Structures are given as structure tokens and as C-alpha cells.
Protein chains: 2
Amino acid sequence: MTSFDPTDYAFERKIPEGDNVERQVCAECGWVHYENPKIVVGSVVTNGEKFLLCRRAINPRKGFWTLPAGYLEKNETTAEGAAREAYEEATAEIRIRDLLALYSVTHISQIQIMYRAVLDKPEFSAGIESLEVQLFSWDEIPWDNLAFPTVYWALHQYRQIKEEESFVPFSNATGDMLKRSLEIIKR
Amino acid sequence: MTSFDPTDYAFERKIPEGDNVERQVCAECGWVHYENPKIVVGSVVTNGEKFLLCRRAINPRKGFWTLPAGYLEKNETTAEGAAREAYEEATAEIRIRDLLALYSVTHISQIQIMYRAVLDKPEFSAGIESLEVQLFSWDEIPWDNLAFPTVYWALHQYRQIKEEESFVPFSNATGDMLKRSLEIIKR
């Protein structure tokens, strides 16, 4: 099966009628290719003092460690999506607690919604998108082999609130945390 | 200009290779029509004790009152998008404070991200998507003519925290608030 290739279409960049943003518009049929930001839902999942991480079986960042997370599907709540992703990637039945963070990853037009979640029983296995799944204590986390800066942000921000009953959710890391997290993608 | 009409394509519902969800796939070219949930960003904007509302100039719900809100665009942060929408709909230069609520409107696959925001100077006017824009005290809010249930949720949830320094953001209304909000769409 071939996949969608926008270069097959006679696209030109223009502002569609009644709109105020330039978009890819097909010069032949007038179809407007709306490119909306996408929503990633995921969670920092703990079992006792340990964190559930998945080693990616797919690109981007195949072989690197990540939190259970993925694209929200139609007709899902964000919490349902985060729970589904943990099941798909780690066959883990998690209990979503509350919103940990909302990130805007503007250069790839991605909004990431991260929850605090619990794995009550340490039962899991690698789903098809994972090479392996493992529980790590904080010091065992493979910091040098994390997949994305936001994985680093979410783990460290969780660490700031841990088991607090309630807290204000975090947003994009800044300062030193941001700086350290960007080292990840050089590897 | 004609707009995109999926019925022009030879779509069939199937699970694309390497995927696990049924999608619309073109039987001729194999193009997968990914339908991702969309992100709406908006805000409860106050000026003193008053709330900024816009009367919609476009459908759905033309003529009804709403909060400044709209679709997040590519390469924007959620806060930037909410501020842009307030400017487009009400030429209002708002100051975003913090996250008020995250709603999952599953039947239309919409995630709504609502902020608490302030209009420092009461300067505004109707943008092209608004028939009129107005500041209302709580009792003056046109409760019988609100556009969407989530407008009702956001206003009432704001009312619960008002000027609190920090708070846990809200999610979908439940119980009585949900029930009362659904009366809106019968009008």
C-alpha cells in the first residue's frame, strides 16, 4: 500500500476564502489541506517507587526509552487515550490519577497531555510498538537513552510533586531543565 | 471554490497496514484519511468583575454567545492560540494567567483547553467572526443564549476559583452542572 504523498497533488499555498491563514490548497479541486496540531496523550506510570518505561520498536527514536504515550484517537477522552496507549505499548492496566502537564511542542505542532498514573500490579509486557518494557527506580532510569525531551520533563516534574494530593499541572520546561533535556536528542 | 468532499473519493473503512484502528482508506490510491481530534483553545476573560463574551457571526450557533475560542493553529503554543483567538474575535489584548480546564468533547472529537485570562483595559470590538462583543457582570450573562455547554462549564468553574492564586484545573462537568448545561443546546 502506498501512503499519502502531498507532492502528488497540485498544491499551492494560499489563503482559502473566509480564512485568514495560508494553507495548502489543491489548484485543481480546491481541496484545503488543513494541518491541525496533533494531540499526544501519555503518562508517568509508577508502581511503588518505580517508573514504567518502554523501549521504542519504531522510529522516530527506535531503541530509546519513552513513557507510554501516543496519538489521541477520535471519540476518546484524553484520559482514555492515555490508558489505551499504556495498554497497547506495555499491556499495562493503569489507573489515571490527574493531569501532570500540558506541553506545546511547537516545531512539530504537537500538544502533549501527560497524566500521573499508577500501575497497581507490576504486570506488563512489550506491546507491538515496544522492544521491551521495564520498571526502573529513579537512579536506574536510562537517562542517557531517553527518546524525547518531554520524557525528561515529565519525569522530573513528577519528581517535584510525587505523591502530593493535588498540584497545579506543569507546562514546558524552561531554564536548566530545558537545557539538560535538549542533550537527549544529540544522542 | 469547492471544498473537500470525502464522498468524491473511493473510500472504504479498513485497518491500514501496521495500524490497529479502522480508517477511511482510498481504494484507488491507498491514501489514509487520518481524522485526528482537534484542539480548541479559549479563555474566560475578565475585566474587573465582568466577563468578556462574543456573539457568534458564524455557524454553528450563529447569534449565540460564546467565550473567545477557536482552533489551535500549527506551530502555536496553546496559550498563544487562546490569546490570538481573543484578538481575532474581540480585538482584545488579553493576558493569559493559567490553565482553567481541559475538556474532552468526545462526540465531536474535540479537546478544549480553556485558560483564565485578564483584559487589563476594557478595549475591544467585534472581530469578523463576532456580531458583537460585550462585558457582562455575572448576573447579566445571557444564560439563555449561550452557544455551547462548555461555555457554561468554563464560566461556572471559573466562578468556583475566581481570583485564587492557584488551583487544580477542571475537566468535563458532571452531575447537575452537566445537566443544566445541556439545556443550552435545546434552544
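The values are calculated or read from the model by the stated rules, or taken from the named source; none is laboratory data. All figures in this text were calculated on a predicted structure; none of them were measured in a lab. Positions of Cβ are backbone-derived with ideal geometry, glycine not excepted, and every protein chain shown enters the neighbour counts. Ligands, DNA and RNA are stripped out before the accessible areas are found, and what is left, the full protein with its side chains, is counted by its heavy atoms. Shrake-Rupley method; radii C 1.70, N 1.55, O 1.52, S 1.80 Å.
Count charges around B:K121 for me, please; just the other residues with Cβ under 15 Å from its Cβ, Lys/Arg as +1, Asp/Glu as -1.
-1
Sort largest first and round to whole Å: the equivalent ellipsoid semi-axes of region A:36-187, each the square root of five times a Cα gyration tensor eigenvalue.
Result for region A:36-187: semi-axes of 19, 18, 17 Å.
Among rounded, prolate and oblate, which fits the protein assembly as shown when a ≥ b ≥ c are the square roots of the eigenvalues of its C-alpha gyration tensor, a/c under 1.5 means rounded, and a/b larger than b/c means prolate?
Oblate, since a/c reaches 1.5 and b/c is not below a/b.
Which value in deg cm²/dmol, rounded to the nearest 500, describes the helix-derived mean residue ellipticity at 222 nm for the protein assembly as shown, given -39,500 (n - 2.57) per DSSP H run of n ≥ 4 and division by the residue count?
It comes out at -5500 deg cm²/dmol, rounded to the nearest 500.
For region B:43-133, what does the alpha-carbon gyration tensor say about shape, rounded, prolate or oblate, given a ≥ b ≥ c as the root eigenvalues, a/c under 1.5 as rounded, and a/b over b/c as prolate?
Since a/c reaches 1.5 but b/c is at least a/b, the shape of region B:43-133 is classed as oblate.
Peptide B:95-106: average number of partner chain Cβ atoms within 10 Å per residue? Before the final figure, lay out the partial values.
Numbers: counts 0, 0, 0, 3, 5, 0, 0, 7, 2, 10, 2, 6.
That average works out to 3.
List the relative contact order of region B:17-137 as a percent without decimals, with contacts defined as Cα pairs under 8 Å and 6+ residues apart.
31
Straight-line reach only, C-alpha to C-alpha below 19 angstrom: list the aspartates and glutamates that B:K179 could link to, leaving out same-chain residues fewer than 8 apart.
B:D144
Given H placed on each backbone N at 1.01 Å, which residues far from A:F64 in sequence or on other chains put an amide H within less than 5 Å of it?
A:R56
Check the straight Cα-Cα distances from A:K74 and name the aspartates and glutamates below 18 Å, setting aside those fewer than 8 residues away within the same chain.
A:E35, A:E85, A:E88, B:E12, B:D19, B:E22, B:E35
Top to bottom by accessible area (1.4 Å), largest first, where do B:R55, B:R95, A:R61 land?
B:R95, B:R55, A:R61
List the lysines whose alpha-carbon lies under 21 Å from that of B:K62, not counting same-chain residues fewer than 8 positions away?
Within reach: B:K38, B:K186.
How large is ³J(HN,Hα), in whole Hz, for each residue of region B:14-23 in order, when computed from phi with the Karplus curve 6.51 cos²θ - 1.76 cosθ + 1.60 and θ = phi - 60°, using x for Gly and Pro?
Once θ is set to phi - 60°, the couplings for region B:14-23 become 7, 8, x, 3, x, 10, 9, 10, 5, 9 Hz.
Partner chain Cβ atoms within 10 Å, averaged over the residues of A:34-43 - can you pull that number for me? Before the final figure, lay out the partial values.
Working: counts 5, 3, 8, 13, 6, 8, 0, 3, 0, 0.
Taking the mean over all residues of the peptide, I get 5.
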